[in-house]
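Enquirer: Sharing a structure below in structure tokens format, with a few things to ask.
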Amino acid sequence: MPRLLVLSASTRTASNGRPFARWITDTARAHAGFQVEFTDLGELALPLLDEPEYASTGIYHHQHTRDWSAVAGAADAFVFVMPMYNGGFTAPLKNALDHLYAEWKGKPVGLVSYTAGPTGGTPAVEMILPVLGNLGLKPADRRIAVPAIHEHVAGGAFTAPEGLADELGALLDELAKRTVSETVEAE
């Protein structure tokens with residue numbers, strides 16, 4: 001069964017994105033198309049890129065990079081749950097991407113954005129697409145954007161607005177299809 005990594009890209013200690021990302025993780029597990037893992041960039045706590053070698057060499061001197069490489073490298077597909085800060089994607093997400101290289105190549109990624117405002121983080125998604133392309137990640141055609149995230153989180157739990165579970169199901173279906181397709185092409 002393909003492995004899906006759901007990555008919560010906020011590092012704020014009080015983040016509405018964390019309950020949202022956990023809801024996505026639970027929904028993905030119920031989807032049954034993947035073996036699902038969850039990683040929180042706040043808990044991962046990667047320092048700013050501090051490797052002496054280029055990531056493309058695959059030579060990682062620091063244990064935190066080797067650990068991150070093992071987590072990302074084991075995944076066959078990803079869902080990035082990403083907030084928008086000041087019109088863009090987060091520095092911790094860029095840092096996490098920059099730490100690795102081969103671990104991303106050819107793998108599908110679903111982009112789920114959110115914000116307190118009305119855009120749902122769509123500008124952040126548009127901004128990250130060239131970075132993902134340079135790393136060889138294959139963004140799904142379907143994207144999810146949730147505006148006014150604070151209206152859906154109470155008591156540390158996320159309550160999905162109407163239709164969101166169906167949108168996520170369609171994204172997971174696309175990722176599953178792309179994962180199978182990428183596996184067949186690699187063989």
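Enquirer: What's the extension gain from Glu37 to Met127 if we count 0.36 nm per residue and subtract their Cα-Cα distance? Let's see the in-between values first.
Expert: Working: separation 90, 0.36 × 90 = 32.40 nm, distance 2.57 nm.
Taking Glu37 through Met127 to full extension adds about 29.8 nm, to one decimal.
Enquirer: Quick test of the membrane-span-like rule: which DSSP H helices of the chain reach at least 30 Å along their long axis (C-alpha atoms) with mean Kyte hydropathy at least 1.6?
Expert: Details: long enough: 164-186 (33 Å, 0.11).
Once both thresholds are applied, nothing remains.
Enquirer: Per the 1.4 Å probe, what fraction of the accessible area of the chain, in percent, lies on carbon and sulfur atoms? Let's see the in-between values first.
Expert: Values: 4700 of 8830 Å².
Whole-percent figure for carbon plus sulfur exposure: 53.
Enquirer: If you don't mind, another one. Along each of its three principal axes, how wide is the spread of alpha-carbon positions in the stretch 18-62, in whole angstrom units, largest first?
Expert: 41, 22, 12
Enquirer: Given a cut-off of 27 Å, what percent of all Cα-Cα pairs of the chain lie beyond it? Present the calculation step by step, with values, prior to reporting the outcome.
Expert: Details: 3900 of 17391 pairs.
So the portion of pairs separated by more than 27 Å is 22 percent.
Enquirer: Could you state the accessible area per residue of the stretch 1-115 in Å², with a 1.4 Å probe and every protein chain left in place? All intermediate terms of the calculation are to be shown ahead of the outcome.
Expert: On the way: 4860 Å² over 115 residues.
Counting only protein heavy atoms, the per-residue value for the stretch 1-115 is 42 Å².
Enquirer: Based on DSSP H runs of at least 4 residues, each adding -39500 (n - 2.57), what is the mean residue ellipticity at 222 nm of the chain after dividing by all its residues, to the nearest 500 deg cm²/dmol?
Expert: -13000 deg cm²/dmol
The values are calculated or read from the model by the stated rules, or taken from the named source; none is laboratory data. Computed from a predicted model, the values in this text were never measured in an experiment. In case anyone asks, the SASA skips ligands and DNA or RNA and just uses the protein heavy atoms, side chains included. Shrake-Rupley method; radii C 1.70, N 1.55, O 1.52, S 1.80 Å.
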